[in-house]
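Undergrad: One structure follows; several queries about it will come next.
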Amino acid sequence: MDNLKVLVVAYQRVLPLRIMIDCFRVQTDPHWEMHVIHDGPAPEEIKQLMPDDKRVIFYETRQRLKNYGHPNRRYLLNNVQAGTNDFILITNDDNYYVPEYVSYVRKAAAADVGIVYNDCLHNYYKYDVLKTKMQTNYIDMGSFIVRADAAKAVGFTSDAFHADGIYAEACALYCVNHNLKVQYIPKALFIHN
């Protein structure tokens, strides 16, 4: 894996977004680039918290699109430039990653791997470790990375509440059909808030 392209959907949450950005800026592996898209015109305090770091790129939509942020995920996935050896992580502004996250996933993302996924601490019912699977109701969007060419071929097509699971299943099927491995890291590497 060359770089991790981190696609972040945000909406008016200054502190969570600041923590999200900071948890990547302190990664032990610097091979990442973050694209933050704010759903609708961003308040000045959101714009001001964008760091002076070329790896963090900021966008805002003209109007609020809602739909769980799915139209913005689709926009970023379709428009962010990524090489074949890059991987894509789609996540939200309130997810937090351990400082070794990029290091772990880069080590797991060998040339024949299409997806790397990991467990997370999740608050669906109470904070606990969510043992992830590449299927609806068993994975959070922030729990997996997909090789860029596979992610773009699959696309982000659903606007349903559980679109992350639909996208995960479609990416896994694509990888199986293209002889790409699905790699699991049995560690909770991020916290869903």
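Undergrad: Given +1 on the Cβ of Lys and Arg, -1 on the Cβ of Asp and Glu, and no further charges, what dipole in debye does the chain carry about its Cα centre, rounded to the nearest 20? Kindly include the intermediate steps, with their values, before the conclusion.
TA: Details: 21 positive and 22 negative charges, 42 e Å.
It comes to approximately 200 debye.
Undergrad: Provide 38, 178, 31 in ascending order of the number of other Cβ atoms located within 10 Å of each residue's Cβ, fewest first. If you can, show how the numbers build up before the last one.
TA: Working: 38 23, 178 12, 31 15.
Taking fewest neighbouring Cβ atoms as first place, the list is 178, 31, 38.
Undergrad: Name the residue from 173, 28, 185 whose Cα lies farthest towards the positive end of the charge dipole of the chain, charges +1 on Cβ of Lys and Arg and -1 on Cβ of Asp and Glu.
TA: Among 173, 28, 185, the one farthest towards the positive end of the dipole of the chain is 173.
Undergrad: Please arrange 143, 103, 158 by counting, for each residue, the other beta carbons lying within 10 Å of its beta carbon, fewest first. Walk me through the intermediate numbers first.
TA: On the way: 143 27, 103 15, 158 18.
With the fewest neighbours first, 143, 103, 158 line up as 103, 158, 143.
Undergrad: Right, next: Give me 1, 20 sorted ascending by neighbouring Cβ count inside 10 Å, so fewest comes first.
TA: Arranged by neighbour count, lowest to highest, 1, 20 become 1, 20.
Undergrad: Return the single residue from 18, 62, 106 with maximal mean-square fluctuation; model: Gaussian network over the chain, springs between Cα atoms under 10 Å.
TA: Judging by the Gaussian network model, the answer is 62.
Undergrad: Can you tell me the length gained on complete extension of the stretch residue 49 to residue 135, counting 0.36 nm per residue apart and subtracting the Cα distance?
TA: 27.5 nm
Undergrad: While we're here: With everything on Cα atoms, drop me the angle between helix 14-25 and the longest principal axis of the chain, reported from 0 to 90° to the nearest 10.
TA: Helix 14-25 and the main axis of the chain meet at about 50 degrees.
Undergrad: Which of 164, 94, 29 moves the most in a Gaussian network model of the chain with Cα springs under 10 Å?
TA: Of 164, 94, 29, the most mobile in the Gaussian network model is 29.
Undergrad: Express the relative contact order of the chain as a whole percentage, based on alpha carbon pairs under 8 Å and six or more residues apart in sequence. Show your work: numbers first, answer last.
TA: On the way: 406 pairs, mean separation 50.1, N = 193.
About 26 percent, as a whole number.
Undergrad: Do the alpha carbons of any pairs in 107/131; 66/131; 54/131 sit beyond 32 Å of each other, and which pairs? Write down the numbers at each step before the final one.
TA: On the way: 107/131 20 Å; 66/131 29 Å; 54/131 34 Å.
Long pairs (Cα-Cα over 32 Å): 54/131.
Each value in this text was obtained by applying a stated rule to the coordinates, not by laboratory testing. Just so you know, these numbers come straight off a predicted model, no measurement behind them. Cβ coordinates were reconstructed from backbone atoms using ideal geometry, including for glycine residues, and neighbour counts include every protein chain displayed.
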